[in-house]
Amino acid sequence: MAIKVLIVDDSGFFRHRIEEILREDKRIEVVGSAVNGKEAVEKARALKPDVITMDVEMPQLNGIDAVRIIMRECPTNVLMLSSLTHEGARITLEAMEAGAADYLPKDIRAWMDKSQGIRQQLIERILALGTSRRFRSGSVFDHRYPSSRATGSSTMVFRPESTTASRATSAREVAPAARRTPVTSRVPERESARPLTSPALRPRMTGEEKDPPTSHPAKVRFPDCRIVVIGTSTGGPAALQRILTQIPADFPYPILLVQHMPKTFTQVFAERLNQQCQIAVKEAEDGDRLKPGLALLAPGGLQMMIDPRQSDRVRVLEGDVKLTYKPSVDVTYASAARAYGARVLALILTGMGADGCDGARLLKREGATIWAQNRASCTIYGMPQAVVNAGLADEVLDLDDIGPLLAQQRRRG
């Protein structure tokens with residue numbers, strides 16, 4: 001059955017261009033269009049689309065308010081169209097708080113271009129969201145997840161990924177970057193000191209097999225680690241907020257965050273996380289020192305790696321131009337494997353594609369611990385599934401269990 005799409009935009013050009021692109025794919029059916037938020041709400045109720053593409057600024061009822069009503073009355077995955085300015089980022093994050101699932105940049109030049117770039121991105125997002133039924137209709141900061149430093153309204157955001165959803169980085173891509181740049185040197189390919197004995201570690205090579213059972217948090221042993229590294233994509237900002245807002249200020253380990261996001265958004269997102277969390281959060285800069293209770297977010301468009309010459313610092317560099325994702329989970333995972341070996345706790349969260357799987361393989365060879373988010377709590381079960389299917393996950397966890405497991409760790413003395 002085709003994925004039904006409702007197009008909402010007050011611009012005739014964008015309505016026509018979106019419909020033109022979507023009608024090229026037989027897996028997608030455009031069921032209607034709307035020119036303002038009020039009409040969008042009415043048609044969402046009547047047509048019951050699988051996905052809605054939504055403009056932000058529209059007459060009568062703007063996109064943000066329209067999303068709030070839609071998520072309350074007829075929950076639907078919404079793909080926002082937004083500018084990449086600082087103000088555009090702020091507004092888009094507000095739309096994400098209202099419940100939108102993802103967004104694409106609204107750059108007139110890119111949409112006028114007849115190349116495959118924006119077409120491929122739009123179709124991939126529609127297909128991914130059209131098969132997902134994970135809806136969010138309220139703030140992630142409810143009564144279950146208090147924040148000691150929260151001020152004002154909360155922001156629930158999702159990944160504005162600017163690249164394709166296909167397998168982003170392979171071992172062939174990571175390895176050449178490692179040879180050219182010292183900070184991405186590949187770890188030695190020796191076998192892990194720990195046998196892969198967990199049920200979650202059994203390789204699954206076909207899509208017909210059942211998912212491994214979700215680990216019970218009471219049975220999860222926290223590893224002897226020195227750093228926590230988290231990678232995510234679609235749905236990741238909301239997942240990160242849910243996890244990070246539960247971590248105490250005296251958390252004993254540094255945290256590295258890799259979220260597929262363009263530069264303007266990572267800056268705004270880091271600032272917002274810092275307001276909401278008890279730990280400190282900042283967008284990483286080259287030379288930043290790793291500190292307990294500090295989370296460094298990889299800047300959009302760049303790669304973040306642990307400096308092999310000073311393992312208590314990060315490098316933020318352009319990285320290999322051939323790498324699809326900037327930032328890439330694979331690159332950060334690989335550098336953590338090289339710098340800390342078995343003493344890494346890596347988390348792979350919701351997201352399209354398979355970024356992080358090759359890096360997880362390098363971590364596992366060093367004996368590191370890997371936790372994967374389960375299917376039930378993912379917006380898109382792509383990145384965690386790749387790691388689980390490769391037999392690399394020590395634990396498969398529900399999103400709601402990850403924060404409390406981390407929150408139990410506190411500095412001693």
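Restrict the check to the stretch 244-252 and report whether at least one residue is within 16 Å of the chain's Cα centre (by Cα) and either within 26 Å of LEU81 (Cα to Cα) or of a type outside the set (Ser, Thr, Tyr) (or both). Don't jump to the end; show me each part of the working.
Within the stretch 244-252, the subset within 16 Å of the chain's Cα centre (by Cα) is 244.
With the extra rule that they be either within 26 Å of LEU81 (Cα to Cα) or of a type outside the set (Ser, Thr, Tyr) (or both), the set shrinks to 244.
Yes: one or more hits.
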Discussion item. Go through the stretch 61-92 and report how many residues are in contact with a helix residue (DSSP H, G or I) (Cβ under 9 Å, 6 or more places away or on another chain), open to solvent by 10 Å² or more (accessible area, probe 1.4 Å) and more than 17 Å from GLY130 (Cα to Cα).
Written reply: 13
Discussion item. Out of everything in the stretch 363-379 that is under 19 Å from the mean Cα position of the chain (by Cα) and of a type in the set (A, V, I, L, M, F, W, C), what residue ends up being surrounded by the fewest Cβ atoms within 10 Å (Cβ to Cβ)?
Written reply: ALA376
Worksheet item: Among the residues of the stretch 281-301, which ones are open to solvent by 40 Å² or more (accessible area, probe 1.4 Å) and in contact (Cβ under 8 Å) with a residue 24 or more places away in the chain?
Response: GLU285, ASP286, ARG289, LYS291, PRO292
Worksheet entry | Number of the exception - GLU42 against (1) under 19 Å from MET71 (Cα atoms); (2) in contact (Cβ under 8 Å) with a residue 12 or more places away in the chain; (3) not aromatic (Phe, Trp, Tyr) | (2)
Discussion item. Checking the structure you have, find out if any residue of the stretch 362-376 is modelled with pLDDT under 95, more than 16 Å from ARG226 (Cα to Cα) and of a type in the set (Gly, Ala, Ser).
Written reply: yes
Worksheet item: Taking GLN267 and the conditions (1) buried (at least 22 other Cβ atoms within 10 Å of the Cβ); (2) under 25 Å from ASP355 (Cα atoms), which numbered condition does it fall short on, given that it satisfies the others?
Response: (1)
Discussion item. Being in contact (Cβ under 8 Å) with a residue 60 or more places away in the chain, surrounded by fewer than 24 Cβ atoms within 10 Å (Cβ to Cβ), more than 27 Å from ARG221 (Cα to Cα) and of a type outside the set (Lys, Arg) is the filter here; which residues of the stretch 320-347 pass it?
Written reply: ASP320, LEU323, THR324
Worksheet entry | Residue list for the stretch 1-60, restricted to those being small (Gly, Ala, Ser) and either at pLDDT below 95 or buried (at least 23 other Cβ atoms within 10 Å of the Cβ) (or both) | ALA2, SER11, GLY12, ALA34, GLY37, ALA40, ALA44
Discussion item. Whether any residue in the stretch 350-362 is open to solvent by 10 Å² or more (accessible area, probe 1.4 Å), touching a strand residue (DSSP E or B) at 6+ places or on another chain (Cβ under 8 Å) and over 19 Å from LEU297 (Cβ atoms) is what I want to check.
Written reply: no
Worksheet item: Going by the conditions given, is LYS291 assigned to a loop (DSSP other than H, G, I, E, B) and touching a Gly at 6+ places or on another chain (Cβ under 6 Å)?
Response: no
Worksheet entry | GLN275 assigned to a helix (DSSP H, G or I) and either on the phi > 0 side of the Ramachandran plot or under 14 Å from the mean Cα position of the chain (by Cα) (or both) | no
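Does the stretch 86-103 contain at least one residue that is of a type in the set (Ser, Thr, Tyr) and within 19 Å of VAL268 (Cβ to Cβ)?
Kept after step one, since they are of a type in the set (Ser, Thr, Tyr), are these residues of the stretch 86-103: 92, 103.
Keeping just the survivors that are within 19 Å of VAL268 (Cβ to Cβ) gives 92, 103.
Yes, the conditions are met somewhere in the stretch 86-103.
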Worksheet item: Would you say GLY382 is within 13 Å of the chain's Cα centre (by Cα), farther than 19 Å from ALA295 by Cβ and crowded, with 19+ Cβ neighbours inside 10 Å?
Response: yes
Fill in: Residue list for the stretch 348-361, restricted to those being part of a helix (DSSP H, G or I), in contact (Cβ under 8 Å) with a residue 40 or more places away in the chain and either touching a Phe, Trp or Tyr at 6+ places or on another chain (Cβ under 7 Å) or among the acidic types (Asp, Glu) (or both)
ASP358, GLY359
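Do the conditions hold for TYR325, that is, is it within 20 Å of the chain's Cα centre (by Cα) and part of a loop (DSSP other than H, G, I, E, B)?
Working: within 20 Å of the chain's Cα centre (by Cα): yes; part of a loop (DSSP other than H, G, I, E, B): yes.
Here the answer is yes, as TYR325 does meet what is asked.
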Item to complete: Look at VAL316 and say whether it is farther than 20 Å from TYR340 by Cα, open to solvent by less than 30 Å² (accessible area, probe 1.4 Å), at pLDDT 95 or above and in a strand (DSSP E or B).
Response: no
Worksheet, complete the sentence: The condition of being under 24 Å from ASP320 (Cα atoms) and crowded, with 24+ Cβ neighbours inside 10 Å holds, among ILE255, ILE243, only for ILE255
Response to the item:
Condition set open to solvent by 10 Å² or more (accessible area, probe 1.4 Å) and part of a loop (DSSP other than H, G, I, E, B), scope the stretch 393-413, selection farthest from THR214 (Cα to Cα): answer is GLY413
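The values are calculated or read from the model by the stated rules, or taken from the named source; none is laboratory data. Just so you know, these numbers come straight off a predicted model, no measurement behind them. With ideal geometry, Cβ positions are generated from the backbone for all residues, glycine too; neighbour counts draw on all protein chains shown. Side chains are part of the model used for accessible areas, which takes the heavy atoms of the whole protein and leaves out ligands, DNA and RNA. Shrake-Rupley method; radii C 1.70, N 1.55, O 1.52, S 1.80 Å.
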